[in-house]
Each structure stands twice: as structure tokens, then as C-alpha cells.
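Reviewing the structure listed below.
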2 protein chains.
Amino acid sequence: MKVKVVTHILEANDRIAAENRKLFHESGVYVINLMSAPGAGKTSCIERTIKELSSKLKIGVIEGDIAGTDDAKRIAKLGIPVVQINTGGACHLDANMINEVLVDLPLKTLDLLIIENVGNLVCPAEFRVGEDMKVMLLSIAEGDDKPLKYPLMFQESSALLLNKVDLLPYTNASIEKIKKNSLSLNPKLKIFEVSCKTGEGINKWVEWLQSLIK
Amino acid sequence: MKVKVVTHILEANDRIAAENRKLFHESGVYVINLMSAPGAGKTSCIERTIKELSSKLKIGVIEGDIAGTDDAKRIAKLGIPVVQINTGGACHLDANMINEVLVDLPLKTLDLLIIENVGNLVCPAEFRVGEDMKVMLLSIAEGDDKPLKYPLMFQESSALLLNKVDLLPYTNASIEKIKKNSLSLNPKLKIFEVSCKTGEGINKWVEWLQSLIK
């Protein structure tokens, strides 16, 4: 019974995700669904990406949070079109939430739309929103045992930003273990070691991202 | 329609949670539902708590993870009765999952049962499992903006372990901001600043916990 309900919801979601995707393609905008646990640094990563790429690409952002508008305010400060979705309790964004706010973005003028999902290492990976690519962050401070404990997001993502590498000397985490276990789940996963605080490693990530958008 | 389904699931869950609670009370075991985002240090906190209290109290543990048995192995090494639940994708423990594994624990000999929920700052807060108290962890490395963005868990918890304070000098997080915003959501919340890695602050937490169990 429970599984039936979930399947139903996922099928309905996928239909709307396909509509979003069609609209994105017609508008010529490349769309990233950015996911991670709470506090892994999604908003900081978006800020860094904007700073590196906004002279080359027109970027827009959708911020997803259960409550509050802090993240959207941070992005708006950079002069970037941004819409905040408050899910009001729901632990992930779904295709319909995205569909409803697209009228508030100048889609046809954008090259890149970054959708920041709700901070959650589980549920967002189950819901397509019409994106071209899923990207996930993992903070070094979360420890090196996350890939095998939360496998779906690692399997669904095209790229993994291993963030907060500046904290590495103060943790017990092994980057090699994270890489090995992530790649065992998803051999095609592109992994970037970055610090969105210091800027370390961001250049490789934005170069790769830019190469996909042309 | 969607809300209706959720209400239905929550009501069914609450009935089983009440059964669990009755069983816990009859067995004389105090039960904690321990929640946090992935990698905030739940298992390390349980290890520290066991080391401090196992000479005074009989402790048992239920480990909840989507996949894997790493956490249960860590607890078993300490000679503590432990059961691992693998949710197989589900992002939280519910009362029925707990109910099904209780036969595998020597409930009547235990004083304290710690249930480690799936790492998720959202959904676990919605599902009672029959606990006496919800306790949450927040890692300093997750940043100081989490209370207002993920309010429900802060509202539902009786205590907050502010973990990884050893990382404080290397982050931009403000403990005062976390405390202020947590208490604005839940004025009764007991807050403990700890490092489950170094052991700092653990004594205050275990003293308080022990005072509840008599």
C-alpha cells in the first residue's frame, strides 16, 4: 500500500518534470539540481560559481528551503535573478514546485539555472525536477562513511563536490575512502575537491561546468 | 490529497508508537530518539555516552540506517546489545520498524535504550517511535543558520547537543546565534556544547541524562 502511493507520486512527479525539461530546452537554459545534507555548503558553492561564471554566462537560481529566505537574499546580493521556494515542511523539492515558480524567472535570457534543493541527503535524490544534471555536495566534516550509508544520491549524481577540504586536518575523514566508496556506487561520478570558503579547487569545477553548457 | 495520505500515515504511526511506549514503560526502560543531519556525530555521541554511563546503567541501542551495518558494529564492540535497522531507502525510522525489532533486545534488563535515527534534519522529527524524549545533534560545521531553516526538529527536541565544538576556530559559525535562534523556536530546549571526538562537555550531558532516568 505504502509503496503504491509512493510510486503514484513519483509517476505524477515525472510527468511534470518532463514538462519542465521541455521548457528548459526550448529556452536554451542548462539546469542543475544541487543537493546535499544540511550545512554542506550549497549556497556558498552557488555564490562561488556565480562569482567565477557570471561574466561568461547568464545565471539564475531557485532556492529551496523548508522555511526562511536567507539563501535567496544571499544570492540576490550578487545581482542574480532568484526565487525562493518554501516547502512548508516538505523535505525535498518536486517538479510541481519548480513548475510553479518558473514564471518568475527570465528563463529565455538564462544560460544556467541552479536549483538549490532542501538540505537532505536522502529524499531529494528521488524526485526529478526537469534538470539536465544532478550535482551533490558532501562536507568533509560529515565523515567518510556517507557514500555507503546514503547510496542513492551518490548513484543519481553526475558530480560530487567534496567541500570544506580546508577542515581536513582537523577531522578523521579520509578523502581516499570517500572517493573509493563513491566510485564503487557510481563509476562515472566526477569528483572535485573544493573549499567554497577559501576558493580552493573551485576553478576545476567551474571549468568543467562551463564545458557542458556550450 | 497528498496531505490526506500523510495524515493517515502519521495517525497509523502514532498508534504503534503508543504501543511501543507502553511496552517501554512496563519494561522500565527510558528511551531516547536521537536525530541529526548526516555526519553530525550521532554514533560518536552514543559511544561517548556508553563509555560514561555503562558502569551505572544497562544500555541498549537500535541503529537506523538506509543501508549498511557500520554503526551497529561500532556499538557491538563496546559489548552493548544492539540491533541494526536498514530502512532500504526510507529517510526516517517509524514506530513499526522499532516495534518489529524489539523482540531482539533484552528490554526488561535495560535502563536506557538509545535509538539512532536515519541522518536527516527533516523527516525523523515527524514520526514518533514511542520515545520518552527526542534529542538532536547539530554539528558546528553545518553553520549557524540551521535552526530557522529546519525548525521542526528544534521544536520537537528536549535537548540539543551542539557537537564538534573543537572545529569552532576553523568555521564562521556563531554558537550564540545558534543558541538564540534555537531557543526562540523552543525556549525549554536544553543545550549542551560538546565534542564527541575530544570528550569536551560530555560530562554535563551524561549527568543531565542520568538525572532523568532514576
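Regarding residue A:177, is this residue in contact (Cβ under 8 Å) with a residue 24 or more places away in the chain and either among the polar types (S, T, N, Q) or within 12 Å of chain B (Cβ to nearest Cβ) (or both)?
Details: in contact (Cβ under 8 Å) with a residue 24 or more places away in the chain: yes; either among the polar types (S, T, N, Q) or within 12 Å of chain B (Cβ to nearest Cβ) (or both): yes.
Yes: the conditions hold for residue A:177.
Of everything in region B:152-168, what is farther than 20 Å from residue B:32 by Cα and in a helix (DSSP H, G or I)? Give them in sequence order. Write out each step before concluding.
So the first thing to find is which residues in region B:152-168 are farther than 20 Å from residue B:32 by Cα, and the list is B:164-168.
Answer for region B:152-168, where residues must be farther than 20 Å from residue B:32 by Cα and in a helix (DSSP H, G or I): B:165, B:166, B:167, B:168.
Could you check how many residues of region B:76-101 are away from every other protein chain (no Cβ under 14 Å) and either more than 24 Å from residue B:213 (Cα to Cα) or open to solvent by less than 10 Å² (accessible area, probe 1.4 Å) (or both)?
Taking region B:76-101 as the starting set, the residues that turn out to be away from every other protein chain (no Cβ under 14 Å) are B:76-83, B:98-101.
Now narrow it down to the ones that are either more than 24 Å from residue B:213 (Cα to Cα) or open to solvent by less than 10 Å² (accessible area, probe 1.4 Å) (or both): B:77, B:98, B:100.
Qualifying residue count, region B:76-101: 3.
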| Do we have any residue at all in region B:150-157 that's closer than 25 Å to residue B:51 by Cβ, buried (at least 17 other Cβ atoms within 10 Å of the Cβ) and not acidic (Asp, Glu)? | yes
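Out of everything in region A:158-172 that is among the aliphatic types (A, V, I, L, M) and more than 9 Å from chain B (Cβ to nearest Cβ), what residue ends up being most open to solvent (accessible area, probe 1.4 Å)? Step through it out loud before you land on a result.
Looking only at region A:158-172, we keep the residues that are among the aliphatic types (A, V, I, L, M), and these are A:159-162, A:165, A:167-168.
Okay, now just the ones that are also more than 9 Å from chain B (Cβ to nearest Cβ), so A:159-162, A:165, A:168.
On the way: A:159: 0, A:160: 0, A:161: 0, A:162: 0, A:165: 16, A:168: 54 Å².
Top of the filtered list is A:168.
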| (1) in contact with a strand residue (DSSP E or B) (Cβ under 9 Å, 6 or more places away or on another chain); (2) open to solvent by 10 Å² or more (accessible area, probe 1.4 Å): which one isn't true of residue B:45, the others all being true? | (2)
| task | Could you tell me which residue of region A:56-68 is surrounded by the most Cβ atoms within 10 Å (Cβ to Cβ), considering only residues that are within 10 Å of chain B (Cβ to nearest Cβ) and not in a strand (DSSP E or B)? | result | A:66
| query | Looking at region A:37-55, which of its residues are in a helix (DSSP H, G or I) and either within 14 Å of chain B (Cβ to nearest Cβ) or modelled with pLDDT under 95 (or both)? | reply | A:42, A:43, A:44, A:45, A:47
| said: Quick check on my filter: what residues within region A:134-145 are in contact (Cβ under 8 Å) with a residue 40 or more places away in the chain and open to solvent by less than 10 Å² (accessible area, probe 1.4 Å)? | reply: A:135, A:136, A:137, A:138, A:139
| field | Conditions (1) among the charged types (D, E, K, R); (2) assigned to a loop (DSSP other than H, G, I, E, B); (3) open to solvent by less than 10 Å² (accessible area, probe 1.4 Å): number failed by residue B:71 | value | (2)
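The values are calculated or read from the model by the stated rules, or taken from the named source; none is laboratory data. Just so it is clear, the structure is predicted and the values come from calculations on it, not from any experiment. Heads up, the Cβs are rebuilt from the backbone with ideal geometry, glycines too, and the neighbour counts pull from every protein chain shown. For the accessible areas, the whole protein counts, side chains as well, though only heavy atoms, and no ligand, DNA or RNA atoms are used. Shrake-Rupley method; radii C 1.70, N 1.55, O 1.52, S 1.80 Å.
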